[in-house]
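Chemist: I have a structure here, written as structure tokens, and I will follow up with some questions on it.
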Amino acid sequence: MSWLERLRDGLSKTRKQINETAGFLGNDVRDVFTNRLETIEDLEYALIAADVGRAATEEILEDVRSSEGKNLQQALMDALVLQLEPDARRAEFRKLGFAPDVSRSRIDPKGHVVMVIGVNGVGKTTTIAKLGQYYMTRGKSVMFAAGDTFRAAAGAQLGVWGDRLGIPVVQGIDGGDPAAVAFDGASARAARGTDLLFVDTAGRLHNKHNLMEELKKVRRVIDKADPGEPAEVWLVLDAVTGQNGLQQAKKFHEATPLTGVIVTKLDGTAKGGILIPIVRELGVPIKFIGVGEQAGDLQPFDSQEFVRALFDVDIPKA
Ligand SMILES: Nc1nc2c(ncn2[C@@H]2O[C@H](COP(=O)(O)OP(=O)(O)OP(=O)(O)O)[C@@H](O)[C@H]2O)c(=O)[nH]1
Ligand SMILES: [Mg+2]
């Protein structure tokens, strides 16, 4: 299965909900708003059930209503793409009434060090391996720092990926200070002139004060080893956690301002709608999506592609 097929499969629950609840997707927008108002109500319900959120759902329905001459599905797809644009651009494009051409976030890290954070088990370590492969195959030199000293064997897990991919891993001691590993990693990267360092961190709950303070410390220490870094802090979110993931993201954003989000497990039975409130409420771009457990199962996020997969249309042959 290609990654697009896996993504499309993962989103099938959301797709069915929209198709089956709302129906009449092929009908002209004006016809639906004139003759089938119950379809609009059902659509509203389907969007909320898909975790799109109330504010976005209202805007989507407004945009759909004003797109005369399109059928319901096309109007809905265009409105969804707009909702996946960061705030300023979304407002601008809604005024103009068309979807932007550029639907991909800038994914090259601004500087050299990327800190990767998130709650337990969302896929941080696996995502770091995937990122390593992604940038390495695009000509960058890459290093990892095994900053999860908390969970036994977490360092070993990243070590195995490092060996497999041929990426050096700076290791700490189990139970040791994660900030010390981050410091060593950032210093080593700067000394060797490696392009990118990805710093793994232990999974933590967003409501545990001490653990959130620890993240701030890791960040400060990296800055001490290599002033101005980390240039990027990416939050990994498991798509299957839905609305709860949004709450997590807000807390992490407060503790350590995020520059990007990576949504994993979109090949699972995720409700794809959660990506919309993530972009809207955090104002942080989605950089990549995870669509499987292998090192290659990572794709730059593209809002148009995502919405097409959601509606199962125009999927290019893999
Ligand atoms: N299906 C699927 N599984 C994934 C994806 N990303 C990660 N996983 C799986 O999720 C599980 C947890 O992944 P880890 O990378 O260990 O997660 P983590 O966030 O580092 O976990 P902790 O360090 O324990 O907090 C593993 O079984 C991964 O293979 C994805 O995009 N799709
Ligand atoms: Mg991990």
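Chemist: May I ask you to list the residues in segment 194-203 that are part of a loop (DSSP other than H, G, I, E, B) and buried (at least 21 other Cβ atoms within 10 Å of the Cβ)?
Modeler: D200, T201
Chemist: Are any of the residues in segment 65-80 exposed (fewer than 14 other Cβ atoms within 10 Å of the Cβ), acidic (D, E) and assigned to a helix (DSSP H, G or I)?
Modeler: No: segment 65-80 contains no residue that is exposed (fewer than 14 other Cβ atoms within 10 Å of the Cβ), acidic (D, E) and assigned to a helix (DSSP H, G or I).
Chemist: Given the conditions (1) more than 20 Å from K110 (Cβ to Cβ); (2) within 16 Å of ligand 1 (Cβ to nearest atom); (3) open to solvent by less than 10 Å² (accessible area, probe 1.4 Å), and given that F288 satisfies all but one, which numbered condition is not satisfied?
Modeler: The one condition F288 does not meet is (1).
Chemist: Scan segment 231-260 for residues that are more than 12 Å from the chain's Cα centre (by Cα) and within 17 Å of R204 (Cβ to Cβ) and report the count.
Modeler: The number of residues fulfilling the criteria is 13.
Chemist: Of the conditions (1) open to solvent by 10 Å² or more (accessible area, probe 1.4 Å); (2) within 13 Å of ligand 1 (Cβ to nearest atom); (3) more than 30 Å from L246 (Cβ to Cβ), R189 satisfies every one except a single condition; which number is it?
Modeler: Status for R189: all satisfied but (2).
Chemist: Here's a follow-up. Any idea how many residues of segment 227-248 are in contact with a His (Cβ under 7 Å, 6 or more places away or on another chain), at pLDDT 95 or above and buried (at least 19 other Cβ atoms within 10 Å of the Cβ)?
Modeler: 1
Chemist: Between a first residue in segment 25-54 that is under 30 Å from A239 (Cβ atoms) and a second residue that is basic (K, R) and surrounded by fewer than 13 Cβ atoms within 10 Å (Cβ to Cβ), which pairs have beta carbons less than 9 Å apart while being 6 or more apart in sequence or on different chains?
Modeler: Listed pairs, sorted by first residue: I48/R54.
Chemist: Which ones in segment 226-240 are out of contact with any Asp or Glu (no Cβ under 8 Å at 6 or more places or on another chain) and touching a residue at least 12 places away in the same chain (Cβ under 8 Å)?
Modeler: Selection gives D226, G228, A231, E232, V233, W234, L235, V236, L237, D238, A239, V240.
Chemist: Just to be sure, is A180 surrounded by fewer than 21 Cβ atoms within 10 Å (Cβ to Cβ) and touching a helix residue (DSSP H, G or I) at 6+ places or on another chain (Cβ under 9 Å)?
Modeler: yes
Chemist: Considering each of V221, V261, V240, V236 in turn, give the residue that is within 13 Å of ligand 1 (Cβ to nearest atom) and either outside any helix (DSSP H, G or I) or more than 18 Å from D51 (Cα to Cα) (or both).
Modeler: That would be V236, the only listed residue that is within 13 Å of ligand 1 (Cβ to nearest atom) and either outside any helix (DSSP H, G or I) or more than 18 Å from D51 (Cα to Cα) (or both).
Chemist: Among the residues of segment 207-218, write down those that are in contact (Cβ under 8 Å) with a residue 12 or more places away in the chain and in a loop (DSSP other than H, G, I, E, B).
Modeler: Selection gives N207 alone.
The values are calculated or read from the model by the stated rules, or taken from the named source; none is laboratory data. Small disclaimer: the values here were computed from a predicted structure and weren't measured. Every residue, glycine among them, receives a Cβ derived from its backbone with ideal geometry; neighbour counts consider all protein chains shown. Remember, those area values only see protein heavy atoms, side chains included, never the ligands or the DNA or RNA. Shrake-Rupley method; radii C 1.70, N 1.55, O 1.52, S 1.80 Å.
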